Amino acid sequence: MRSYLLILGEREAVAGVLRHQRMAFPARRCIEVGRFEAGDELLIYMTGGC
């Protein structure tokens with residue numbers, strides 16, 4: 001099991017993730033996102049601005 005940290009700094013971004021239960025990633029991150037496996041842990045950190 002691996003852990004990943006997702007940092008969100010905009011209120012609208014957090015609302016969209018929670019509403020749709022999905023994430024979108026820029027193309028340059030495809031390699032990293034492709035490493036996700038069932039059972040991996042995604043930690044979500046919301047900055048103070050959220």
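Just to be sure I follow the definition: excluding the sites themselves, where is the longest run in the chain that has none of the trypsin sites (Lys or Arg not before Pro) in a DSSP loop with at most 16 other Cβ atoms within 10 Å?
Working: sites that count: Arg2, Arg22, Arg35.
Result for the longest clean stretch: 3-21.
Can you list the HN-Hα couplings for region 5-15, worked out from phi with the Karplus curve (6.51, -1.76, 1.60; θ = phi - 60°), rounded to whole Hz and with x for Gly and Pro?
With coefficients 6.51, -1.76 and 1.60, one gets 10, 10, 10, 10, x, 10, 4, 5, 5, 4, 4 Hz.
Could you work out the helix-only [θ] at 222 nm for the chain, with each DSSP H run of four or more residues adding -39,500 (n - 2.57) and the total divided by the number of residues, to the nearest 500 deg cm²/dmol? Write down the numbers at each step before the final one.
Numbers: 2 runs with 14 residues, N = 50.
Counting only the DSSP helices, I get -7000 deg cm²/dmol.
Compare Cys30, Cys50 by solvent-accessible area with a 1.4 Å probe and give them largest first, with all protein chains kept in place.
The residues order as Cys30, Cys50, largest area first.
Tell me, what are the semi-axes, in whole angstrom and largest first, of the equivalent ellipsoid of the chain as set by the roots of 5 times the Cα gyration tensor eigenvalues?
Calculated on Cα positions only, the semi-axes equal 20, 13, 11 Å.
Using a probe radius of 1.4 Å on heavy atoms only, what accessible surface per residue do you get for region 9-50? Whole Å² is fine.
Per residue, region 9-50 has an accessible area of 88 Å².
Counting only protein heavy atoms, what percent of the accessible surface of the chain is carbon or sulfur at a 1.4 Å probe? Before the final figure, lay out the partial values.
On the way: 2390 of 4340 Å².
Reported share for carbon and sulfur atoms: 55 percent.
The values are calculated or read from the model by the stated rules, or taken from the named source; none is laboratory data. Please read all numbers here as calculations on a predicted model, not as lab measurements. Quick reminder, even Gly has a Cβ in these numbers, built from the backbone with ideal geometry, and neighbours come from all protein chains shown. Keep in mind that these areas ignore ligands, DNA and RNA; they rest on the heavy atoms of the full protein, side chains included. Shrake-Rupley method; radii C 1.70, N 1.55, O 1.52, S 1.80 Å.
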